[in-house]
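K.L.:
Starting off with a structure, shown below.
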């Protein structure tokens, strides 16, 4: 509780005691009307003087329909018709509600703040005579930081010396620590696990990862979801409309029906009390803020409530293949030796043929061979562009390359129909067998696609620049519904547009490299593996800080849950308010009920919204 | 120039009202009052920034006497 809130609590307790005393005196002594009024005015003024003052100030500045003004009119009217205890109680409970609301919102804000407490408090800069602790904002680019065990890396940089493990969980939600040694890039916000590191900073604080992440989360509450915008518009119209209705209710029926004003003014007071849209105005943004906070806790940045809403409604998810569903690293996935040749002979020959090449295919062949490369035995290595490699091994000709290479050299080989790149190997004119090299699936990619289905995404589509057979093989392994292969980068945007035109919300998931146009074009652009990649963070609407595709389903779930909670609040608040308005117009609602409809509903809605903060697996 | 300030604002509705009112002030290019984060973000011309900020603070105070900008 803040000092302000504690003061309010003291005032409420004092007013409550005075009110009880007034009530008891009223019952016991049954004083005359003026004395009764004075008796109830004491607690009323103790609890409500600031409301009255604000109402007066607002009236001067022509700020009509202010909450304080409405409460003042409502309670003054209640006093005028002789309902003294009600008038006092309405003001009292209004303040109790306001206090609850303020505490609840403060709690929510604090728990989000705690979650986002990745900001470093200080940076320890190396100086001529030791080290000095300074504000991270004052550290110049190129300074050398000393990060001890347990401390937070304050700015992005490169490790100069030292070796340690970094805990990146605050940024990425990933609990496995990352190794950091000389030459490695480190990101601000990570916590140093063990040894002391010396880091040369490469960015100023405001460009560092931690500052950008904080900025994004803070700005997220400024980008409003459609539901939020609707609430803002609704609130603007609702209060004046109900106030006018209250005025009409107080004046018209008594004049037309020639009845006393008392009963009708009472009904009008009920209207005024429920005319504040606070339950909606507070709980809806709080819900979205909580949802964005919950996502950031698992290392996913959602750049606004509108994108959380879009993710929740998303029914088509389009993936770029390489780097998103597959690693983009080529590996030997199958070895098929010819009859009578053993696997090691085949791999050894292939590795020696490719030993001098820098081609990615050659690299993956070398990676598959766990033995030594005996360079002395390999001579005359040359690259036959577009065909493969040729070299002499102990004077025998070694060939590794495409089927066309085998045909040109007149070597009988067994064509392989696998998807991926096939390298055929021959030595001294004899066919040894072939290696199949293909991109490998990311860990959990298949699980991620399955999870998305259960989370409610209707269709998954994969776009790829690869050959159709290779793309189809990946799609089949993952269970993706639709594949578009052999696409040039520009075709991908065109294909995405076709998918967008089919209707429904469409998300595009890419690795943030070369796919900025698609990220921007989609209803929701999701970039992944983006820790430290400014371009991806800029272009995307949702950013997965690490490489784990499985988090997509978690974000969809958080989005859907947030939307459900927010809708519950809207429905609940509107239902209660309209019910009380109807009962009030008919003269069946008391002022007590009206106060519940105002502050009670607000407190319940705020408490409900706070559920958005919690994660559900 | 765009700058962020911490502020104290008591309710979401008040924040919205303050934002609506101060955005109409002369010299204010863009302004947002965020109830959740308790931050006021103001964009105004560099040479008049302080004067505009003063005007914003004064107008906000008229609407919500409790409103404080922490500078």
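K.L.:
Quick check on the range A:210-220. Is at least one of its residues at pLDDT 85 or above and either over 30 Å from residue A:68 (Cα atoms) or more than 14 Å from chain B (Cβ to nearest Cβ) (or both)?
P.N.:
No, the range A:210-220 contains no residue that is at pLDDT 85 or above and either over 30 Å from residue A:68 (Cα atoms) or more than 14 Å from chain B (Cβ to nearest Cβ) (or both).
K.L.:
Do we find a residue being assigned to a strand (DSSP E or B), touching a residue at least 12 places away in the same chain (Cβ under 8 Å), surrounded by 13 or more Cβ atoms within 10 Å (Cβ to Cβ) and at positive phi anywhere in the range A:421-442?
P.N.:
Scanning the range A:421-442 turns up at least one residue that is assigned to a strand (DSSP E or B), touching a residue at least 12 places away in the same chain (Cβ under 8 Å), surrounded by 13 or more Cβ atoms within 10 Å (Cβ to Cβ) and at positive phi.
K.L.:
Right, next: Filter the range B:26-61 for residues that are surrounded by fewer than 16 Cβ atoms within 10 Å (Cβ to Cβ) and within 11 Å of chain A (Cβ to nearest Cβ) and give the result.
P.N.:
Of everything in the range B:26-61, those that are surrounded by fewer than 16 Cβ atoms within 10 Å (Cβ to Cβ) and within 11 Å of chain A (Cβ to nearest Cβ) turn out to be B:30, B:61.
K.L.:
Of all the residues that make up the range A:436-454, how many are at pLDDT 90 or above and either closer than 19 Å to residue A:393 by Cα or out of contact with any strand residue (DSSP E or B) (no Cβ under 9 Å at 6 or more places or on another chain) (or both)?
P.N.:
Going through the range A:436-454 one residue at a time, the tally reaches 6.
K.L.:
A further question follows. Condition first: modelled with pLDDT of 85 or more and either surrounded by 23 or more Cβ atoms within 10 Å (Cβ to Cβ) or under 42 Å from the mean Cα position of the chain (by Cα) (or both). Now tell me which residues in the range A:40-54 satisfy that.
P.N.:
A:40, A:43, A:44, A:47, A:48, A:50, A:51, A:52, A:53
K.L.:
Can you pull out the residues in the range A:273-285 that are within 12 Å of chain B (Cβ to nearest Cβ) and either under 8 Å from the mean Cα position of the chain (by Cα) or part of a loop (DSSP other than H, G, I, E, B) (or both)?
P.N.:
A:275, A:276, A:277
K.L.:
Hey, which of the strands (runs of 3 or more DSSP E) in the range A:286-402, taking only ones fully inside, have at least 2 residues that are touching a residue at least 60 places away in the same chain (Cβ under 8 Å) and away from every other protein chain (no Cβ under 14 Å)?
P.N.:
Of the strands (runs of 3 or more DSSP E) lying wholly inside the range A:286-402, those with at least 2 residues that are touching a residue at least 60 places away in the same chain (Cβ under 8 Å) and away from every other protein chain (no Cβ under 14 Å) span A:300-302, A:314-320, A:326-337.
K.L.:
While we're here: Across the range B:13-25, which residue is surrounded by the most Cβ atoms within 10 Å (Cβ to Cβ) among those that are within 11 Å of another protein chain (Cβ to nearest Cβ) and touching a residue at least 24 places away in the same chain (Cβ under 8 Å)?
P.N.:
Filtering the range B:13-25 for residues that are within 11 Å of another protein chain (Cβ to nearest Cβ) and touching a residue at least 24 places away in the same chain (Cβ under 8 Å), the one surrounded by the most Cβ atoms within 10 Å (Cβ to Cβ) comes out as B:18.
K.L.:
Would you pick out the residues in the range A:221-246 that are under 16 Å from the mean Cα position of the chain (by Cα), at pLDDT 80 or above and crowded, with 20+ Cβ neighbours inside 10 Å?
P.N.:
A:225
K.L.:
I need the full set of residues from the range A:567-617 which are without any contact (Cβ under 8 Å) to a residue 60 or more places away in the chain and not in a helix (DSSP H, G or I), in order please.
P.N.:
A:588, A:616, A:617, listed by residue number.
K.L.:
Next question, about the same structure. Among the listed residues A:507, A:426, A:485, identify the single one that is in contact with a helix residue (DSSP H, G or I) (Cβ under 8 Å, 6 or more places away or on another chain) and within 30 Å of residue A:168 (Cβ to Cβ).
P.N.:
A:507
K.L.:
Please tell me if residue A:559 is touching a residue at least 40 places away in the same chain (Cβ under 8 Å) and more than 26 Å from the chain's Cα centre (by Cα).
P.N.:
Judged against the criteria, residue A:559 is not a match.
The values are calculated or read from the model by the stated rules, or taken from the named source; none is laboratory data. Predicted model, so just to flag it, every value in this text is computed and none were measured. Here Cβ is always computed from backbone atoms with ideal geometry, including for glycine, and neighbour counts include all displayed protein chains.
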